[in-house]
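I have placed the structure first, in the form of structure tokens, so that the comments after it can refer back to it.
Read-outs throughout are calculated quantities, based only on the coordinates presented, and are distinct from any laboratory measurement. As the structure is a prediction and not an experimental result, all values here were calculated from the model. Every residue, glycine as well, gets a Cβ built from its backbone with ideal geometry; the counts of neighbours run over all protein chains shown.
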Amino acid sequence: MPTLGERLRGQRQSQGIALEAISAQTKITTRYLAALEKDDWSQLPGQALARSFARQFADAIGLESEIVESELEKLSQPISEDRSIQPARPGSDLPPIPDAVGIHRASAMRRFVAPVAWLVGMVVLCSAAYSVWLRWRPAPPRDIVAAVRPAALPTVKPAKTEPPPPAPEPAPEPRPADPAPAGAGVVVEIRANKTVWVMLSADGKRIFTGNLDASQSRRLQASEVVRLRTGNAAATEMTWNGNEIGPAGPEGHVRTVVFHRDRYEVLPPRTRTGEEGPTPPATPDPFAN
């Protein structure tokens, strides 16, 4: 009956697929794929990863999962924990042969235990000798003890200083740019580089609320102010009065940008209790900055 490795190799060769192509698809190195085909499990990084590699290999070449699971179940049969003695071969009258690995481990353990036991014994012996010396040593005369005892030094308490008050955090400053021509008002174009939720308003009137897909854009014109609220600052690119601004902030952050005739500003993030307007959908915690 063919082994798991023979089944994998036969299925792959029947389809004319190279190991390099499977490696590029599954991100598993060709060395591990070749070891699976040879049933050389000792070259694989642990049983759990080996089973996962075998399933991915089988999926890549279309081998039935029932066959793979059956073969993996056979490979996961329990192995005897006592490996120091190898059983005798069938039909042989010779006694079991000791395993060289088990003998080497036992010898290494004895070489390690002997120095540790000697060190522990020396520590115990020195501790006992020191205890006897402390018990039986002669006490010094009292006048000598009084002469060498140092006088108590006066205690000086350090002066208590008040820490300086923390400096207030500076408020974000508006970002100036080239002003628009007189009478042009405010012209803002919003472009999405990926699907993003936005809310747009012009002169206090809400114009649009919803998702912009990748490469979609919205152009707004107002007399005084345009307001943008985005659920993903990095996915929103902006142009203000012909000036390219770029994204509104870092990836995954909610931002509110206010555009005036002569300036624009990115408002600081708000807490939950002070958030303004609806919260973008499918955003688990947009204000955790």
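Using +1 on the beta carbon of Lys and Arg, -1 on that of Asp and Glu, and nothing else charged, what's the dipole of segment 4-75 about the Cα centre, debye to 20?
240
Could you give each residue of segment 11-28 its phi-based ³J(HN,Hα) in whole Hz, using Karplus coefficients 6.51, -1.76, 1.60 with θ = phi - 60°, and x for Gly or Pro?
Residue by residue, segment 11-28 yields 5, 5, 5, 5, 8, x, 9, 7, 4, 5, 5, 5, 5, 5, 6, 9, 6, 9 Hz.
Considering the options Ser52, Gln13, Gln25, tell which one lies farthest towards the positive end of the dipole of segment 4-75, charges being +1 on Lys and Arg and -1 on Asp and Glu at the Cβ, about the Cα centre.
Gln25
Would you grab the residues whose amide H sits under 5 Å from the one on Gly252? Only those 5+ places off in sequence or on another chain, please, with H modelled 1.01 Å from N.
Ala233, Ala234, Ala235
Starting at the first residue of segment 233-245, write each ³J(HN,Hα) from the Karplus equation 6.51 cos²θ - 1.76 cosθ + 1.60 with θ = phi - 60°, in whole Hz, x for Gly and Pro.
Result, rounded to whole Hz: 4, 5, 8, 10, 9, 10, 10, 10, 6, x, 9, 6, 9.
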